[in-house]
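Comments concern the structure below.
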Amino acid sequence: MLRSIPAKIINNYVDDARSRGLIPADVKLNFIIETPREEGFGDYSTNIAFILAPHLKKKPTDIARQIVDSMQGNESCESVSVAGPGFINFSLKDHLWQEMLRKVASEGVGLLYPDVGSLRNVLIEFVSANPTGPLHIGHGRGAAVGDVLANLLERTGHRVGREYYINDAGRQIRTLGRSAYLRLKELKGETVDYPPDLYQGDYVREIARKVIDENVPVPEGDEDAVGFLASYASNFIMDGIKTDLGNFGVAFDRYFLESTLYASGIVDETLSILKERGIAYERDGALWFKTSLYEKDEDRVLIKSDGQKTYFTSDIAYHLDKYKRSFDTLVDIWGSDHHGYIPRLRASVQALGRNKEDLRFLLIQFVTLIKDGKPVGMSTRSGEFTTLREVMDEVGRDACRFFFLMRKSDAHLEFDLDLAKRTSNENPVYYVQYAHARIESIFKNARDAGIDTEKLDDADCTLLAVKEELDLIRWITRYNSVLEGSARNLEPHRVTFYLIELVGRFHSYYNKTRVLGNDIGLVRARLLLLAVLRDVIRDGLGLIGVSAPVKM
């Protein structure tokens, strides 16, 4: 119903125009109806005039005027006008908004969920931090974005898998083993040279101390000891990562080990496919991938001249494995420093016979932690970083998750610890949660006054006639388009933005409107409005993994 009314208005025009021969019968019109970002431009806007322009060989503005003329007097439209170079803005009559509210109140917030996915299988790979150190706040941002995106896609009709890829066999794991080995020797009283390219954090020394305290049998010989400690330390760190993610409210369906790619034989299968298709070729004793066949990027090495396979090779194999598991769309969430890696991977999935649109990327820009008005440095290798665990301990999971979604993922984020802890409306997460608690308080007062707040279905919604009430109804129903746009564009931050805008309108309404008064009919109508609003706020907070407190 929510999307059908504006679509029906435009489709009625199209059907009428076709019947009169104004629009050719075979022309497909994939027009868009959306909610204008700014108030004053109507409830909805459509680009249909631009879609019709090349078929009718007319200017969009001329077509828009013709459509507007035909829509004048429409029983559903309060107003309709041409905007800009040919957009059509139109507003619905009040009774339609009131009926929408009643519908959502009757059927639940689920009525606002759009079916964007049509049960497509989507695999989201996110975090995937090498187990060489604890998760820092940059990883935390990626975890929040990935988790909320997965929630969002599930809510909009997708089947979603959550996956964490563990590089358990690379050079960095070996470096971790060497770092732990030298720290172990130090703790045993030996004088060692600890190079600056090793991991400097105190956590490495703590791992070495654990080895001593628990009498872990480390093999004799430097190389064997390093190999053992690489596995021991990375497993210990990975256990800590899983614990931190669990405390952060993030769960994965699978932790995928890079080493299993080689054990399963899919790496060799991938290389065979690329060779058979003429996409892999030999040069200077190495095997190369023809990236340039698909993307504006140089060809890349698959196997070095010494016979060692590159990370790129295992990455191609990993994505082939994903497709073999019947996922239609793959979403990779990476740190922004991996931007240059995208063209070659996009080329590789095309080489495997997939559409490059089947692989989508989200880049997570850096986070600057602000504490006491000053930025805190962060580098895993140097040990100068703030862990996700520390931030959660200081501000709590709710504020942590909410703040990570305060900007688009590819924009730099400043995380202000002092603001996140503030219990005032300046703090955005407090501002949203307080709206939910305030509504719950209103309902408690209503029950104390003897009003049955469980039976509001027969409330007269036509009494909700003031501008602020109708505005709240519009914003409640806008949840539908927010979810749709967020899912289609892989932009979970839109939900956070929406919640802030929504509760801003509620706080303004509450400050000037007495909900509980002597007119019981009006009271029940307003309680119905607030009940739906409360449920949407709770649903949105649940979507981003933030609690909806009853009292604050």
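All of the numbers you see were taken from the coordinates with simple rules; none came from a lab. Keep in mind it's a predicted model, so treat the numbers as computed, not measured. With ideal geometry, Cβ positions are generated from the backbone for all residues, glycine too; neighbour counts draw on all protein chains shown.
Among 509-517, 416-424, how do they line up from the highest to the lowest mean number of other beta-carbon atoms within 10 Å? Intermediate values should be presented prior to the final figure.
Values: 509-517: 13.1, 416-424: 14.9.
Result, highest mean Cβ count within 10 Å first: 416-424, 509-517.
Stokes-Einstein D for region 117-166 at 20 °C, 1.002 mPa s, Kirkwood Rh over Cα pairs, in µm²/s? Mind showing how you got there, number by number?
On the way: Rh = 11.5 Å.
D, rounded to a whole number, is 186 µm²/s.
With label points built 7 Å along Cα→Cβ from the Cα atoms of residue 356 and residue 118, find their separation and express it in nm.
2.4
For region 134-260, how big is Rg over Rh, using alpha carbon atoms and the Kirkwood form of Rh?
Working: Rg = 17.6 Å, Rh = 16.4 Å.
Here Rg/Rh amounts to 1.07.
Among 29, 493, 204, whose Cα projects farthest towards the positive end of the dipole of the chain, with charges put on the beta-carbon of Lys, Arg (+1) and Asp, Glu (-1)?
Of 29, 493, 204, it is 29.
Given the DSSP H assignment, sum -39500 (n - 2.57) over each helix run of at least 4 residues in the chain and divide by its residue total; what's the result at 222 nm in deg cm²/dmol, nearest 500?
Values: 19 runs with 276 residues, N = 552.
About -16500 deg cm²/dmol.
With the radius of gyration and the Kirkwood radius both derived from the Cα set of region 280-358, what is their ratio Rg to Rh?
Working: Rg = 12.8 Å, Rh = 13.2 Å.
Over the Cα atoms of region 280-358, Rg/Rh equals 0.97.
Taking a temperature of 37 °C and a viscosity of 0.692 mPa s, what whole-number D in µm²/s does Stokes-Einstein yield for region 41-86 with Rh from Kirkwood over alpha carbon pairs? Write down the numbers at each step before the final one.
Numbers: Rh = 11.0 Å.
Result for D is 299 µm²/s.
Based only on Cα atoms, what mean projected area does the convex hull of region 390-491 have, in nm²?
Working: hull surface 39.2 nm².
Spelled out: convex hull of the Cα atoms, projected over all directions, averaged, 9.8 nm².
Only sites in a loop by DSSP and with at most 13 other Cβ atoms within 10 Å count here; which GluC sites (Glu not before Pro) in region 63-146 make the cut?
Details: sites: 75, 78, 99, 107, 125; in loops: 75.
Of the GluC sites (Glu not before Pro), the ones in loops of region 63-146 whose Cβ has at most 13 other Cβ atoms within 10 Å are 75.
Using Cα pairs under 8 angstrom and six or more residues apart, how large is the relative contact order of region 247-365, in percent?
Reported as a whole number, the value is 22 percent.
Quick one, which of (1) 60, 25, 21; (2) 49, 34, 23; (3) 51, 34, 17 is the actual semi-axes √(5λ) of the Cα gyration tensor in Å calculated for this model?
Checked against the structure: label (3).
By how many degrees, between 0 and 90 and to the nearest 10, does the Cα long axis of helix 520-543 differ from the longest principal axis of the chain?
So the helix axis and the longest Cα principal axis differ by about 20 degrees.
Pairs of Cα atoms under 8 Å, at least six residues apart: use those to get the relative contact order of the chain, whole percent. Numbers along the way, then the final one.
Details: 853 pairs, mean separation 89.3, N = 552.
Relative contact order for the chain comes out at 16 percent.
Please list, or write none, the lysines whose alpha carbon is within less than 24 Å of the alpha carbon of residue 408, excluding same-chain residues fewer than 8 places away.
Within reach: 356, 371, 374, 421.
Once you keep just the Cα pairs under 8 angstrom separated by 6 or more residues, what percentage relative contact order results for region 325-435? Kindly include the intermediate steps, with their values, before the conclusion.
Numbers: 124 pairs, mean separation 27.1, N = 111.
So the answer I get is 24 percent.
Please turn the phi angles of region 336-345 into ³J(HN,Hα) values with the Karplus equation 6.51 cos²θ - 1.76 cosθ + 1.60 (θ = phi - 60°), one per residue in order, whole Hz, x for glycine and proline.
With the stated coefficients, region 336-345 comes to 4, 6, 8, 4, x, 7, 4, x, 5, 6 Hz.
Which whole-Hz couplings ³J(HN,Hα) result when phi for each residue of region 31-44 is put into the Karplus expression 6.51 cos²θ - 1.76 cosθ + 1.60, θ = phi - 60°, listed in order with x for Gly and Pro?
7, 10, 10, 9, 8, x, 6, 10, 5, x, 10, x, 6, 9
Given C-alpha coordinates of region 30-161, what is the ratio Rg to Rh with the Kirkwood estimate of Rh?
Values: Rg = 21.4 Å, Rh = 18.6 Å.
Computed over Cα atoms, the ratio is 1.15.
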